[in-house]
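Some notes on the structure that comes next.
The values are calculated or read from the model by the stated rules, or taken from the named source; none is laboratory data. Remember, it's a predicted structure, so these values are computed and weren't measured experimentally. For neighbour counting, all protein chains shown are included, and Cβ atoms are generated from backbone atoms with ideal geometry for every residue, glycine included. Ligands, DNA and RNA are stripped out before the accessible areas are found, and what is left, the full protein with its side chains, is counted by its heavy atoms. Shrake-Rupley method; radii C 1.70, N 1.55, O 1.52, S 1.80 Å.
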Amino acid sequence: MFNFIKQAFRSIYTQFSSKLAPILKQKSLDEQSIKELEKLLIAADTGISTTRYIINRLKTESAHISLDKTLHTILLDTLQAVPQPSTNAQIYLLVGINGSGKTTFAGKLAHYYATQGKRVLLVAADTFRAAASAQLHIWAQQAGVTIVTGDAHQDPSSVIFAGCSRYINEKFDIFIIDTAGRLQTKTNLMHELAKIKKVITKQLPHSTVQTLLTIDAMLGQNSFEQAALFKECTSLSGIVLTKMDSTGKGGIVFAIAKELQIPVLYVSYGEKIDQMVPFDAPKYVQELVYERI
């Protein structure tokens with residue numbers, strides 16, 4: 001994870017941490033420094049509400065402790081205060097809009113578990129996008145895992161039903177479902193996700209399911225709004241931040257944690273099948289605060 005942070009988050013550290021360092025080297029925060037920090041956090045997609053929370057805590061708690069240590073504590077507290085899902089999930093339901101990196105992450109997650117010796121089953125339940133099944137099939141071949149696909153415009157729930165049957169009958173360890181990425185009306189989205197979860201619950205009542213929302217880190221506050229919408233529509237276990245290597249804005253993780261109370265669980269970057277890692281909050285904050293100091 002340490003090398004990953006150094007390389008994949010280089011743009012974040014270059015654009016954020018280098019500007020943060022001079023502020024944190026001061027003995028105390030003056031009004032000018034507060035304004036600079038506020039602008040820096042908002043520019044990094046931390047959001048207005050979360051930025052105010054961070055600065056208010058920093059002004060209160062930095063009287064007897066250095067600014068860098070205080071900020072480190074505040075940022076880490078923000079990420080770790082969010083309830084974490086069960087770590088023994090067998091089923092992963094991936095949701096998100098088109099272009100958020102969902103299908104790519106499905107392939108990477110399959111590879112991640114396959115390299116641990118797990119028998120992985122992928123299900124291409126996005127039957128509305130012509131290239132989705134073909135794209136996931138390529139990822140399945142690269143990962144060396146089994147895939148279940150359906151026909152074009154087939155009911156996604158029926159494809160998932162077939163996948164559940166294979167998962168049970170062939171005793172797979174991990175079950176990963178890639179769903180359609182259309183951002184519909186809230187009502188239709190709720191209905192579709194509820195239908196999918198009903199099939200899974202009925203077929204696999206004793207399995208632990210994680211519903212992961214993939215969001216494009218490059219979209220910043222737009223991604224935050226997507227996360228808020230999906231949270232209204234369904235229960236989310238966590239967030240997958242994709243394309244983190246293409247942005248210099250790393251504050252979105254704090255806004256998601258503080259305002260939506262959803263943990264960031266994975267980070268995806270690049271196009272290679274092994275370019276994905278579980279999110280490590282302590283190391284992320286450590287590097288964010290101290291990289292350029």
Scaled by the rule-of-thumb 2.2 N^0.38 Å, the alpha carbon Rg for the range 248-287 gives a ratio of 1.26
Over 25 Å (Cα to Cα) among LYS171/LYS272; LYS39/LYS186; LYS249/LYS283; LYS108/LYS243; LYS108/LYS249 -> LYS171/LYS272; LYS39/LYS186
Once the mean of 1/r over all distinct C-alpha pairs in the range 99-207 is inverted, the Kirkwood radius in Å reads 14.0
A convex hull over the alpha carbons of the range 132-267 yields, per residue, a volume in Å³ of 124
In the chain the accessible area split gives carbon plus sulfur, as whole percent at 1.4 Å, a share of 51
Percent antiparallel among DSSP beta bridges confined to the chain, rounded to 5, stands at 10
Computed on Cα atoms only, the convex hull of the range 90-137 has an orientation-averaged projected area in nm² of 3.3
Largest first and rounded to whole Å, the semi-axes √(5λ) derived from the alpha carbon gyration tensor of the range 196-293 read 27, 16, 13
Over the chain, with neighbouring protein chains present, the accessible area per residue in Å² at probe 1.4 Å is 45
Summing -39500 (n - 2.57) over every DSSP H run of at least 4 in the chain, dividing by its residue total and rounding to the nearest 500, the 222 nm mean residue ellipticity is -14500 deg cm²/dmol
Once HIS111, HIS206, HIS191, HIS137 are ranked on solvent-accessible area with the largest value leading and a 1.4 Å probe, the list reads HIS206, HIS191, HIS137, HIS111
Share (percent) of C-alpha pair distances in the range 36-172 greater than 23 Å works out to 53
Taking every DSSP bridge whose two residues both lie in the range 149-280, the antiparallel percent to the nearest 5 is 25
Output ordering of 38-46, 275-283, 220-228, 23-31 (per-residue mean of other Cβ within 10 Å, highest first) is 38-46, 220-228, 275-283, 23-31
Mean separation of Cα contacts under 8 Å (at least 6 apart) over the residue count of the chain, i.e. the relative contact order in percent, is 29
